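Input: a single structure, listed below in structure tokens.
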Amino acid sequence: MTTHDAGRPAAGPPDPAEPLGRPAAGPPPPAGTPTAGRGSGRLLAAAFLRNRRALVGIGMVVVIAAFCFIGPLLHRTDQVTVRLDLEELPPGGTYPLGTDTSGYDVLGRLMTGGQSSLELGFAVAIATTVIGTLYGAVAGYVGGIVDAVMMRVIDTLLAIPGLVLLLIMVTMFTPSLWMIIVLLSLLSWLAAARLVRGEVLTLRTREFVQAARMMGGTGRRVVLRHLVPNAAGVIIVSATFTVADSILTLSTLSFLGLGLPPPHADWGTMLSNGLNYLYDGYWWLVYPPAAILILTVIAFNLIGDAVHDALDVRLQGP
């Protein structure tokens, strides 16, 4: 041992918990840098996956999606031809969930109806997220009179009862899946825009945004590369709840008789038609669509709550 090593503690065996080649500890990278973003993303993903509600919600969504899109390949039924000779058959045998008043197999009807409901929910969530994120990010970043005018537009549109406006539009035009998607998207992006704008107002004063401006970053680059990625948590929470809300809204329209026209199906239409025969003992026309509709909404709400908890540092352990 040399004199330079006299005061140095002897090196012990490497700790198996420590990865080899780990760099020396130093100050963490500033928020908003690519390294910090990847690290925070991994932490959020780990916190999300540790949440039991998240795992239950994801599992439920996977099972329901497989039931709706893979199920028809295994249980083939005719959902176009009306068979009055097969109407209102009780569950059993060839028809595990019976048939409805038009002779359609209820199990097959649940699958095809679920396709319309899920497609609408995800399409509205994507369109709402894109429109609301861009609108709210621009308003929050620019600020001033531009922000004030853009927010007054949102306040004016929010003052109009959304369901009433949707009912008027549906009665004026022939309902179709894409038309309802467009209408719901035009009504649903307002709340997302307000959420993103509020998040951007807090982010635009951070050091990494100021550094990006000083380095000559354009407003477009700052918004798309710094503000929107750092507001991803709020955006994801809003998107998950939008899926559930859109499915419920379609079911509400169908329950009021303004849903997709036959032979298209959705869970709301099945529920509305089945209620007319519930007191006659045809329970299989009501309970299956009601159960799968409730489970779908619960699944997406569980995922949304789990994302919110993963973003709340007060709920994280040491």
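Summary table below
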quantity: Residue, modelled with the lowest pLDDT, within the range 67-109, restricted to residues that are touching a Pro at 6+ places or on another chain (Cβ under 7 Å) and not polar (S, T, N, Q); calculated: VAL80
quantity: Residues of the range 105-115 satisfying the condition of being open to solvent by 20 Å² or more (accessible area, probe 1.4 Å) and more than 20 Å from PRO90 (Cβ to Cβ); calculated: THR112, GLN115
quantity: The range 89-103 residues that are in contact (Cβ under 8 Å) with a residue 60 or more places away in the chain and open to solvent by 60 Å² or more (accessible area, probe 1.4 Å), paired with ones that are part of a loop (DSSP other than H, G, I, E, B) and not basic (Lys, Arg) (beta carbon under 7 Å, 6 or more apart); calculated: PRO90/GLY98
quantity: Count of residues meeting criterion [open to solvent by less than 80 Å² (accessible area, probe 1.4 Å) and assigned to a helix (DSSP H, G or I)] in the range 169-181; calculated: 6
quantity: All positions within the range 245-295 that are surrounded by fewer than 15 Cβ atoms within 10 Å (Cβ to Cβ) and either touching a Pro at 6+ places or on another chain (Cβ under 7 Å) or assigned to a loop (DSSP other than H, G, I, E, B) (or both); calculated: LEU256, GLY257, PRO261, PRO262, PRO263, ASN276, GLY281
quantity: Test: residue in the range 297-308 that is open to solvent by less than 30 Å² (accessible area, probe 1.4 Å), closer than 25 Å to ALA54 by Cβ and not aliphatic (A, V, I, L, M); calculated: yes
quantity: Verdict on ARG197 being out of contact with any strand residue (DSSP E or B) (no Cβ under 6 Å at 6 or more places or on another chain), over 21 Å from PHE255 (Cβ atoms) and modelled with pLDDT of 85 or more; calculated: yes
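The rows are residues; the columns are (1) modelled with pLDDT of 90 or more; (2) touching a helix residue (DSSP H, G or I) at 6+ places or on another chain (Cβ under 6 Å); (3) part of a helix (DSSP H, G or I).
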position	(1), (2), (3)
MET111	yes, yes, yes
SER117	no, yes, yes
ASP147	no, yes, yes
ARG213	no, no, yes
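Yes/no matrix, rows are residues, columns are (1) closer than 30 Å to GLU119 by Cα; (2) touching a helix residue (DSSP H, G or I) at 6+ places or on another chain (Cβ under 8 Å); (3) open to solvent by 70 Å² or more (accessible area, probe 1.4 Å); (4) not in a helix (DSSP H, G or I):
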{"residue": "VAL164", "(1), (2), (3), (4)": "yes, no, yes, no"}
{"residue": "LEU167", "(1), (2), (3), (4)": "yes, yes, no, no"}
{"residue": "LEU186", "(1), (2), (3), (4)": "yes, no, yes, no"}
{"residue": "TRP189", "(1), (2), (3), (4)": "yes, yes, no, no"}
{"residue": "PHE208", "(1), (2), (3), (4)": "no, yes, no, no"}
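The values are calculated or read from the model by the stated rules, or taken from the named source; none is laboratory data. Just so you know, these numbers come straight off a predicted model, no measurement behind them. Note: ideal-geometry Cβ built from the backbone for every residue, glycine included; neighbour counts use all protein chains shown. Surface accessibility is based on the protein's heavy atoms, side chains included, excluding ligands, DNA and RNA. Shrake-Rupley method; radii C 1.70, N 1.55, O 1.52, S 1.80 Å.
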